[in-house]
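Contents: one structure, followed by commentary.
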Amino acid sequence: MPIGKVTLLSAGPGDLDLLTVRAVGVLAQAQVVLLDDLANPGIATLAPQARVIRVGKRGGCRSTPQAFIQRLMRRHVGKDLHVVRVKGGDALLFGRAGEEIADLRAAGIEVDIVNGVSSGFAAAAGLGVSLTHRQHSQGVTFVTAHLQDDSEPDWAALAATRTTLAIYMGMSRIERICSRLGETLAPATPAAVVQWAGTDHERRLVSRLDRLAEEARCAGFGSPAVILVGDAIGEAEAVSKRHAGPALVAGRPTVACAA
């Protein structure tokens, strides 16, 4: 029976000051840290006693296999070590935590979870908007742009909810996402892209659904980014028009696309 334990630790979207106090305390006690590719590498300085192993996972990039990561955790726990699995954003949102929790519990391993700030919340904060709004949206839906078999969510059904949509891992297919959502939502539905949310490299684009994909490509937006769609996002556009004229890209007016 393993006698070590695993903590699934949420690193937030990037900046170390978005780590929770609890996360900092856990890192100080860690003996092995498995560091996600999207987590700030500076986190290693908060775990001075730990052996740090980088286990990058990025969509469309060469990644550490999930099965190998799970074997690593079991192996080190079997040595009576405290393993901290560091995940970008919040561990429980698109971080494969469900697979890891099930695997560890099946092996009789104790699992703790430390929550954090998801990039969807950091993106909204960067835009200065609320994801819910009594006048615009009574809810928010967090969704990944592709499923495990590379199929897509039911965009029409998601659009019909009239909630704010926070779409993760969608930049490689942003044109299709906007097109499919546009079959249900009005062309002028407010929409935005925030890249590297919550970091010093954050870039923001506020637009409308029928223009978002083209403007994002023109401005050079890519992954990692969150796409936000819904009437609540219109509050960001209203602010940008009052203070900066056009929509914002990295705090500056949008550069016009070439004809």
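Out of contact with any strand residue (DSSP E or B) (no Cβ under 8 Å at 6 or more places or on another chain) and without any contact (Cβ under 8 Å) to a residue 24 or more places away in the chain, is that true of Gly98? Before the answer, list the steps.
On the way: out of contact with any strand residue (DSSP E or B) (no Cβ under 8 Å at 6 or more places or on another chain): yes; without any contact (Cβ under 8 Å) to a residue 24 or more places away in the chain: yes.
So Gly98 passes the test.
Inside the range 197-239, can you point out the residues that are of a type outside the set (Ser, Thr, Tyr) and in a loop (DSSP other than H, G, I, E, B)? If the condition is that a residue be of a type outside the set (Ser, Thr, Tyr) and in a loop (DSSP other than H, G, I, E, B), then Ala197, Gly198, Asp200, His201, Glu202, Ala219, Gly220, Phe221, Gly222, Pro224, Gly230 are the ones that fit.
All of (1) exposed (fewer than 15 other Cβ atoms within 10 Å of the Cβ); (2) without any contact (Cβ under 8 Å) to a residue 24 or more places away in the chain; (3) among the polar types (S, T, N, Q) hold for Thr161 with one exception: (1). Among the conditions (1) at pLDDT 95 or above; (2) buried (at least 20 other Cβ atoms within 10 Å of the Cβ), the only one that Gly88 does not satisfy is (1).
Suppose we filter Ala50, Ala30, Ala39 for residues that are under 22 Å from the mean Cα position of the chain (by Cα) and either crowded, with 19+ Cβ neighbours inside 10 Å or within 20 Å of Ile109 (Cα to Cα) (or both); which single one remains? Outline the logic, then answer.
Values: Ala50 fails: under 22 Å from the mean Cα position of the chain (by Cα); Ala30 fails: under 22 Å from the mean Cα position of the chain (by Cα).
Ala39 is the lone residue from the list that is under 22 Å from the mean Cα position of the chain (by Cα) and either crowded, with 19+ Cβ neighbours inside 10 Å or within 20 Å of Ile109 (Cα to Cα) (or both).
Identify, from the list Gly126, Gly108, the residue that is farther than 30 Å from Asn40 by Cα and out of contact with any Cys (no Cβ under 7 Å at 6 or more places or on another chain). Going through Gly126, Gly108 in turn, the sole match is Gly108.
Looking at Ala256, Ala238, can you tell me which residue is modelled with pLDDT under 95, exposed (fewer than 14 other Cβ atoms within 10 Å of the Cβ) and in contact with a Cys (Cβ under 9 Å, 6 or more places away or on another chain)? Please lay out each step first, then the result.
On the way: Ala238 fails: in contact with a Cys (Cβ under 9 Å, 6 or more places away or on another chain).
Just one listed residue meets the conditions, Ala256.
Among the residues of the range 112-171, those identified as over 17 Å from Gly12 (Cβ atoms), in contact with a Ser or Thr (Cβ under 7 Å, 6 or more places away or on another chain), among the small types (Gly, Ala, Ser) and not in a strand (DSSP E or B) are Gly139, Ala156, Ala159, Ala160. Does the range 153-173 hold any residues that are under 16 Å from the mean Cα position of the chain (by Cα) and under 12 Å from Leu228 (Cβ atoms), and which are they? Matches in the range 153-173: Thr164, Leu165, Ala166, Ile167, Tyr168, Gly170.
Taking the range 33-54 on its own, how many of its residues are part of a loop (DSSP other than H, G, I, E, B) and either free of Cβ contacts under 8 Å to residues at least 24 places away in the same chain or out of contact with any Leu (no Cβ under 7 Å at 6 or more places or on another chain) (or both)?
We begin by selecting, within the range 33-54, every residue part of a loop (DSSP other than H, G, I, E, B); these are 36-40, 47-50.
Imposing the further condition that a residue be either free of Cβ contacts under 8 Å to residues at least 24 places away in the same chain or out of contact with any Leu (no Cβ under 7 Å at 6 or more places or on another chain) (or both) reduces the set to 36-39, 48-50.
Qualifying residue count, the range 33-54: 7.
Within the range 98-120, is there a residue that is among the polar types (S, T, N, Q), crowded, with 17+ Cβ neighbours inside 10 Å and closer than 21 Å to Val140 by Cβ? So far as the range 98-120 goes, yes, one or more of its residues are among the polar types (S, T, N, Q), crowded, with 17+ Cβ neighbours inside 10 Å and closer than 21 Å to Val140 by Cβ.
The values are calculated or read from the model by the stated rules, or taken from the named source; none is laboratory data. Keep in mind that what you see is a predicted model, and the values were worked out from it rather than measured. Here Cβ is always computed from backbone atoms with ideal geometry, including for glycine, and neighbour counts include all displayed protein chains.
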